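**Student:** Got a structure here, written out as structure tokens. Questions coming.
The values are calculated or read from the model by the stated rules, or taken from the named source; none is laboratory data. Worth saying up front: this structure is predicted, and the values here are computed from it rather than measured. Because the Cβ atoms are built from the backbone with ideal geometry, glycine has one as well, and the counts that use them run over all protein chains shown.
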Amino acid sequence: MRALLLAAATFVAAPALAQTPAAQTSATPPVPRTPGLPYAPKSIPDRIVLSAGADPAREMAVAFRTDRAQGTAEAQIVLAVDGPTLEREAKTITGTTQAIDSANGAANYHQVRFAGLEPDRVYAYRVKGAAGWTEWFQFRTAAATFKPFRFLYLGDTQNGILTYASRVIRQGFAAGRIALTVHAGDLTAQRDDLDHDDEWGEWNQAGGYNYAQVPQLPATGNHEYVDHILPDGTESRKLGPYWPLQFALPANGAGPVKPTTYFVDYQGVRFIILDGTAALDLGSLDAQTKWLDATLAASNAKWNVVLFHQPIFTCARPKDTVVLKRALKPVFDQRKVDLVLQGHDHCYSRLTAEAGRDAGRAARAKGATQGPVYLVSVTGSKMYGLNDRARTQPDRTAEATELFQIIDVEEGQLKFRTYTASGVLYDGFDLTRGADGNNRLTELSEPLPAVRTCNGDVGPDGGACVARRK
């Protein structure tokens, strides 16, 4: 086995934050807590999340949490064998540690990078707490060249994370052979819906060991940011303290927003992750647009997928995000992006033509090629009602519906399938790459359930409609 290169994790240090709810007054209700208060940091690591390096054939990284008794970041890694002798050749790797105070107690977050890995090999690793090592987890590095794989796409988990979103996440992993997972932002609410540390505890519990074995590619949403008052009294935003602790992401993004933008090349797909909130509210749109264009121009991948939170074409809000559309859509078109994966709207939308579904289908019937396909999805319990355009512009929509998406990547085809929380196939299409280098879209031929929408105050499942209008 080639020697493993030791590389310490690099991330933006977040200040220790007292997450204990603010002093209460008679007019200020207490911040809700998860029942049973189960998320105290312990002497055995938890919140273990695997992330891909920029070249996941040769690099992965892990973030995890312990109590303060474990003061250093330590992991062991070895090429997996088939007997119970993993310790024999395991290498100990160290990383970086950052303290944080929370409503659940004082904790240390640790990050360790595994570099010098061999492509397309299975590795086992474990991480250390003051009381000892965790169980061994396994991951497979990416192949050095194209190889078919499957990934899972999740929209906002944000609300009802453990109560509702967990079953959807677990259904997605139960589909089998998931090589990586992409999250379209708002992983938690990070407002006053629930204590912030509890929310991250629920998010980690919802994915469980899957997050420790399958690389996670998250995008930030607006709820990954917290309100920030500037010295002049004006309100701004800053990245919440948990993001740079919870994810050990590649440091190859756009200059002013490197903690939240990055790209990963995985077996013939370039995944490019943007930060829509920083683009809209913190002045980084121009820098991100130039970085996006350059990153796409340099891509040798067979497929290019862009992931961010605020959708170009909204299915819930009165108006599209014009600023993002004006800046990003021309780049998507010129550079022939294949999929644009988004969240934020808490509804489902697949859009293939800005002129509307009928125009798109008519064009395809005449042999037209397909540009970027725009997707919006939601995993958690917070739901918004469809806007008026959503009745005719997207090819397929849903409201008051929790969903997950499975994408199978083949050399000449992307197979995209959307499933409801109970595992029912709800939507899908195939993108086929022609000899001319252009995509052509084929909709599914099998019968699909009726479009899920509220009928007045009655939801698609017969109970009350839980989708509120924006």
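**Student:** Failed condition for A251, given (1) aliphatic (A, V, I, L, M); (2) in a loop (DSSP other than H, G, I, E, B); (3) in contact with a Phe, Trp or Tyr (Cβ under 7 Å, 6 or more places away or on another chain), with all others met?
**Tutor:** (3)
**Student:** Further question: Hey, can you tell me all the residues within the range 370-398 that are among the hydrophobic types (A, V, I, L, M, F, W, C) and in a loop (DSSP other than H, G, I, E, B)? Quick ask: steps written out before the conclusion?
**Tutor:** Narrowing the range 370-398 to residues among the hydrophobic types (A, V, I, L, M, F, W, C): 373, 375-376, 378, 383, 386, 390, 398.
The one that is among the hydrophobic types (A, V, I, L, M, F, W, C) and in a loop (DSSP other than H, G, I, E, B): L386.
**Student:** I'd like the full set of residues that are polar (S, T, N, Q), farther than 25 Å from V466 by Cα and surrounded by fewer than 17 Cβ atoms within 10 Å (Cβ to Cβ), limited to the range 414-455. Spell out how you get there, then give the answer.
**Tutor:** As a first pass, look at the range 414-455 and keep what is polar (S, T, N, Q): 418, 420, 422, 432, 438-439, 442, 445, 453, 455.
Keeping just the survivors that are farther than 25 Å from V466 by Cα gives 432, 438-439, 442, 445.
Hits for the range 414-455 are T432, N438, T442, S445.
**Student:** Looking at G83, G105, G71, G116, which one is outside the structural domain of Y242 (by TED's automatic domain parsing) and within 28 Å of G36 (Cβ to Cβ)? Explain how you work it out, then say what you get.
**Tutor:** Numbers: G83 fails: within 28 Å of G36 (Cβ to Cβ); G71 fails: within 28 Å of G36 (Cβ to Cβ); G116 fails: within 28 Å of G36 (Cβ to Cβ).
It is G105.
**Student:** Here is a follow-up. Is the range 118-133 home to any residue that is among the aliphatic types (A, V, I, L, M), under 18 Å from P250 (Cβ atoms) and crowded, with 16+ Cβ neighbours inside 10 Å?
**Tutor:** So the first thing to find is which residues in the range 118-133 are among the aliphatic types (A, V, I, L, M), and the list is 122, 124, 127, 130-131.
Okay, now just the ones that are also under 18 Å from P250 (Cβ atoms), so none.
Taking every residue of the range 118-133 in turn, none turns out to be among the aliphatic types (A, V, I, L, M), under 18 Å from P250 (Cβ atoms) and crowded, with 16+ Cβ neighbours inside 10 Å.
Okay, residues lined up against (1) within 19 Å of the chain's Cα centre (by Cα); (2) charged (D, E, K, R); (3) under 25 Å from L431 (Cα atoms):
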| residue | (1), (2), (3) |
| --- | --- |
| T260 | yes, no, no |
| V264 | yes, no, yes |
| D281 | no, yes, no |
| T289 | no, no, no |
| A297 | no, no, yes |
| W303 | yes, no, yes |
| I312 | yes, no, yes |
| T321 | no, no, no |
| L328 | no, no, yes |
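**Student:** In addition: With respect to D232, determine if the residue is farther than 28 Å from R113 by Cα and either part of a loop (DSSP other than H, G, I, E, B) or more than 14 Å from the chain's Cα centre (by Cα) (or both). Step through it out loud before you land on a result.
**Tutor:** Details: farther than 28 Å from R113 by Cα: yes; either part of a loop (DSSP other than H, G, I, E, B) or more than 14 Å from the chain's Cα centre (by Cα) (or both): yes.
Taking the combined requirement at face value, the residue satisfies it.
**Student:** Given the criteria closer than 18 Å to N204 by Cβ, modelled with pLDDT under 95 and not β-branched (V, I, T), does G36 qualify?
**Tutor:** yes
**Student:** Just checking, which of V331, V305, V337, V323 is assigned to a strand (DSSP E or B), modelled with pLDDT of 95 or more and either farther than 27 Å from T453 by Cβ or assigned by TED's automatic domain parsing to the domain that holds Y225 (or both)?
**Tutor:** Values: V331 fails: assigned to a strand (DSSP E or B); V337 fails: assigned to a strand (DSSP E or B); V323 fails: assigned to a strand (DSSP E or B).
Exactly one residue qualifies, and that residue is V305.
**Student:** Turning to a different aspect of this structure: Can you tell which of I48, I44 is among the β-branched types (V, I, T), at pLDDT 95 or above, part of a loop (DSSP other than H, G, I, E, B) and buried (at least 17 other Cβ atoms within 10 Å of the Cβ)?
**Tutor:** On the way: I48 fails: part of a loop (DSSP other than H, G, I, E, B).
Just one listed residue meets the conditions, I44.
**Student:** Moving on. From the list T453, T420, which residue is touching a Ser or Thr at 6+ places or on another chain (Cβ under 7 Å) and among the β-branched types (V, I, T)? Full working, then the answer.
**Tutor:** Working: T453 fails: touching a Ser or Thr at 6+ places or on another chain (Cβ under 7 Å).
Within the list T453, T420, the selection yields T420.
**Student:** Okay, moving on. Looking only at the range 443-470, count every residue that is part of a strand (DSSP E or B), closer than 19 Å to V376 by Cα and not basic (K, R) and tell me the total.
**Tutor:** Quick first cut of the range 443-470, residues part of a strand (DSSP E or B) only: 443, 452, 455, 458, 464, 467-468.
Next, from what is left, pick out any that are closer than 19 Å to V376 by Cα: 443, 452, 467-468.
Still in the running and not basic (K, R): 443, 467.
Residues that pass the stated criteria total 2.
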